[in-house]
Amino acid sequence: MPYSAQFRCISGCSARFPLHEVLYRCPSCGDLLEVEHDSTALQTRSPEEWKSLFAKRAAILRSPYNSGVWSKRELVAPHIRDENIVSLSEGNSPLQHLPRYGKSLGVEDFWIKQCGLSHTGSFKDLGMTVLVSSVAQMVADGARIPAIACASTGDTSAALSAYAASAGLQAVVILPKGKISTAQLVQPLANGALVLAVDTDFDGCMALVAELADRDGVYLANSMNSLRLEGQKTVALEIVEQLGYEVPDWIVIPGGNLGNVSALGAGFRMMSEIGLIDKIPRICVAQAEHANPLYRCFKNDFKDFEAIVASDTAASAIRIGNPISRDKAIAVLQKHQGVVEQASESELADAAARADLAGMFCCPHTGVALAAAEKLIKRGEIGPDDQVVVISTANGLKFGEFKTSFHEGNLAGVDSSSLANVPIDLPCQYSSVRETVIRFLDASD
Ligand SMILES: *Cc1c(COP(=O)(O)O)cnc(C)c1O
Ligand SMILES: [Zn+2]
C-alpha cells in the first residue's frame with residue numbers, strides 16, 4: 001500500500017515513532033500519542049474516488065471488507081497486512097431515524113447511530129479489531145507478546161476477549177472484585193480470558209495492569225492506546241456515508257474516558273483532509289452528573305481541568321473521574337464549537353425509557369446522550385430544523401438489570417412510576433383477559 005502512518009506525540013515535543021513499536025505514551029515527555037497519517041498520499045485519490053471505493057466495498061459480504069473498519073483500512077491502519085487482520089465484521093452499524101421520538105422533542109431530523117449492534121455489543125469492537133490485528137502482526141513478525149491485558153469492568157474486556165480468542169492470543173482481564181455483574185463477567189469468561197477479580201477499585205486494577213505491561217511485556221489494551229481510536233474514528237465516516245455524504249448539524253456522544261469523542265473528531269479531521277466534507281458538525285459530550293469532570297471544566301471555559309472521584313451511576317461504563325483522553329477531547333470540542341451537558345440518574349433513565357417507547361432499547365449511556373440532546377433542544381441550542389445524530393454506545397440487552405429495575409420501580413434515585421411497565425398476572429380465563437385488554441385500551445384512548 002502506498003499509504004503510511006506513524007505515532008506522533010500530541011504535546012509540543014512532536015516525537016514520532018513507528019506503529020510496530022510497543023508504545024502507549026511518548027517516551028520523551030510522557031504525553032499521549034496519536035496516529036498521524038501521510039495525508040499527501042491519501043490526497044492522491046480524489047474525494048469521488050474514495051466515495052466509489054467505499055461504495056464498492058459496501059457491497060462486499062465477505063470478511064474483511066464487510067467490516068466498517070477494514071472497508072476504510074487505508075484511512076485507519078495502512079500498516080496491517082491482509083493475513084494479520086482480526087475482524088469479526090464489526091461496524092457498519094445502522095443509523096436509525098427516530099421521527100416519533102424526535103417529533104416529541106420538536107426535532108424531526110433525529111437519528112441514532114446504533115454502535116451497540118456490533119459483535120460484542122458495544123463500539124469498543126471498532127477499536128479492538130485494530131489493536132488486536134496490530135498485536136497479531138507484531139507476533140507474526142517475531143515479537144514476544146505473552147498476552148494482551150486490560151483493566152475494565154465491562155465493554156472493553158468483552159471486546160478484548162473476543163478478538164484475542166479469534167486471533168488465538170491470550171487475553172487477561174483485571175476487574176474490581178464484587179463490583180461486576182454476572183452479565184459483565186460472562187463474555188470474557190466464555191471467550192477464555194484469564195479473569196482476575198482483585199480486591200480493589202478500577203484505578204487499582206489499572207495500576208496492576210500497567211505494571212504487568214511494564215515488567216512482563218504483556219500488551220496493554222486500555223484506551224490510552226491510540227491504535228484503538230483509529231478504528232473508533234470510522235463512526236464519523238459511517239455517519240456521513242449513511243447520510244449520503246451530508247454532515248449533520250449536531251452529534252451527541254456519551255463520554256467517560258473521552259477516547260470516543262477524540263476518535264469522532266479524528267474521523268472528521270480525516271474526512272476534511274481528503275476532501276470528503278466541507279463542514280463539520282457541532283459536538284456535545286454527554287456525561288452522567290455523578291461522573292462529570294469534563295462538564296465542570298466546560299463550565300469553567302475549559303480552564304483548569306480537575307479530576308473528581310466519580311460516584312455510582314447506572315451508566316457504569318462512563319463512571320470515570322479522571323479521563324485519560326481529556327486533552328484530545330477538549331481540542332476536538334474547541335474545534336467543533338462543542339458543548340458538554342450532564343444528566344442525572346433520573347434524567348438518563350427517563351430519556352432511555354421514552355426512546356424505548358418509540359421502538360428503541362437504550363442502554364443507560366445512550367440515555368445520558370438522549371437526556372443531553374433533550375436539554376439542548378429545550379434551550380434552543382439545537383434548533384427545530386437541525387439534523388441531530390445521537391451515538392448509542394452499547395446494546396441495551398447488555399444492561400438487563402438496569403432496564404428491569406427501572407420497570408420494577410427499584411432503580412436507585414429514580415421515580416419511574418409514570419413510565420414503568422410490568423406484566424399483569426391473570427388466571428387462564430377468557431373473561432378476565434378480555435376485560436383487562438378492553439380496560440387498558442379505553443384508558444389509553
Ligand atoms: C467505553 C464506553 C463509553 C465511553 O467511551 P469513552 O471513550 O471512555 O469516553 C460509553 N458508553 C459505553 C457503553 C462504553 O462501553
Ligand atoms: Zn512527547
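Values quoted throughout were computed directly from the atomic coordinates according to the rules given, and no laboratory measurement underlies them. A quick note: this is a predicted structure, and the numbers were derived from the prediction, not measured. Reconstructed Cβ throughout: ideal geometry from the backbone, glycine too, with neighbour counts over all protein chains shown.
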Next item on the list: Using amide H atoms built 1.01 Å from N in the peptide plane, name the residues 5+ places from Cys363, or on other chains, whose amide H lies under 5 Å from its own.
Entry: Ala394, Gly396
Checklist line | Backbone HN-Hα couplings from phi across the range 121-127 [Karplus 6.51/-1.76/1.60, Hz, Gly and Pro as x] | finding: x, 7, 5, 4, 4, 4, x
Margin query: Quick check on packing: order 365-371, 11-17 by the mean number of other C-beta atoms within 10 Å, highest mean leading.
Written below: 365-371, 11-17
Check: Between Gly321 and residues 5 or more places away or on another chain, which pairs have amide H atoms under 5 Å apart, with H built 1.01 Å from N, and which residues are they?
Finding: Ala310
Notebook entry, point to check: Roughly speaking, what is the stretch gain from Ser4 to Thr40, that is 0.36 nm per residue apart minus the C-alpha to C-alpha distance, in nm to one decimal?
Noted result: 11.9 nm
Margin query: Testing the spin-label approximation: label points 7 Å from Cα along Cα→Cβ at Ser418 and Ser346. State their distance in nm.
Written below: 1.0 nm
Notebook entry, point to check: At each listed q (0.21 Å⁻¹), what is the log10 of I(q)/I(0) that the Debye formula gives for the range 303-402 modelled as equal alpha-carbon point scatterers?
Noted result: -1.24
Checklist line | Exposure proxy ranking, count of Cβ atoms within 10 Å, fewest first, for Lys375, Lys177 | finding: Lys177, Lys375
Item checked: the range 317-322 - phi-based ³J(HN,Hα) in whole Hz, Karplus 6.51/-1.76/1.60, Gly and Pro as x -> 6, 10, 7, 9, x, 10
Note to self: Expected output is a single nm value to one decimal: the length gained when fully extending between Lys51 and Arg144, i.e. 0.36 nm times separation in residues minus the C-alpha distance. What is it?
What the structure shows: 29.6 nm
Item checked: Descending semi-axes in Å of the range 255-368, equivalent ellipsoid built from Cα gyration tensor -> 24, 20, 11
Note to self: Could you work out how much longer the chain between Asn322 and Ala190 gets when fully extended? Use 0.36 nm per residue separation minus the Cα distance between them, nm to one decimal.
What the structure shows: 44.5 nm
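Number of Lys pairs in the range 1-144 with C-alpha atoms less than 25 angstrom apart, excluding same-chain neighbours closer than eight positions? List each step's numbers first, then the result.
Details: Lys51/Lys72; Lys51/Lys113; Lys56/Lys72; Lys56/Lys113; Lys72/Lys113; Lys72/Lys124; Lys103/Lys113; Lys113/Lys124.
Counting lysine pairs in the range 1-144 gives 8.
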Margin query: Considering all alpha-carbon pairs of the range 301-361, what whole percent are spaced by more than 20 angstrom?
Written below: 44 percent
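What area, in nm² and to one decimal, does the C-alpha convex hull of the range 86-185 cast on average over all directions?
Computed as one quarter of the Cα hull surface, the answer is 8.3 nm².
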Margin query: Please give me, ordered by residue number, the chymotrypsin sites (Phe, Trp or Tyr not before Pro) of the range 211-253 that lie in loop per DSSP and have at most 15 other Cβ atoms within 10 Å.
Written below: Tyr245
Item checked: Semi-axis lengths (Å, descending) of the ellipsoid that matches the C-alpha gyration tensor of the range 359-445 -> 33, 18, 12
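Helix-derived [θ] at 222 nm for the chain: sum -39500 (n - 2.57) over DSSP H runs of at least 4, divide by residue count, nearest 500?
Theoretical 222 nm ellipticity from helices: -12000 deg cm²/dmol.
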Check: How many times 2.2 N^0.38 Å is the alpha carbon radius of gyration of the chain?
Finding: 0.99
Notebook entry, point to check: So what's the gap between the Cα centers of the range 31-91 and the range 1-28, to the nearest angstrom?
Noted result: 19 Å
Next item on the list: Mind listing the long-range amide H neighbours of Cys284? Cut-off is under 5 Å, sequence gap 5 or more, other chains count too, H placed in the peptide plane at 1.01 Å from N.
Entry: Ile251, Val252, Ile253, Val339
Next item on the list: For the range 79-138, state what percent of all Cα-Cα pairs lands in each successive 5 Å bin, counting from 0 Å until the bin that includes the largest distance.
Entry: 4, 19, 18, 14, 13, 11, 7, 6, 5, 3, 0
Next item on the list: Find the eigenvalues of the gyration tensor of the Cα atoms of the range 196-329, then list the square roots of 5 times those eigenvalues as equivalent ellipsoid semi-axes, largest first, in whole angstrom.
Entry: 29, 20, 13
Note to self: Please list, in order along the range 396-412, the HN-Hα scalar couplings obtained from phi with the Karplus expression 6.51 cos²θ - 1.76 cosθ + 1.60 (θ = phi - 60°), rounded to whole Hz, x for Gly and Pro.
What the structure shows: x, 5, 6, 10, x, 4, 4, 5, 5, 4, 4, 6, 7, x, 10, 8, 3
Next item on the list: With all distinct Cα pairs included, what does the Kirkwood hydrodynamic radius of the range 150-252 come out to in Å, to one decimal, could you say?
Entry: 15.2 Å
Next item on the list: May I ask for the percentage of alpha-carbon pairs in the range 1-142 that lie more than 21 Å from each other?
Entry: 56 percent
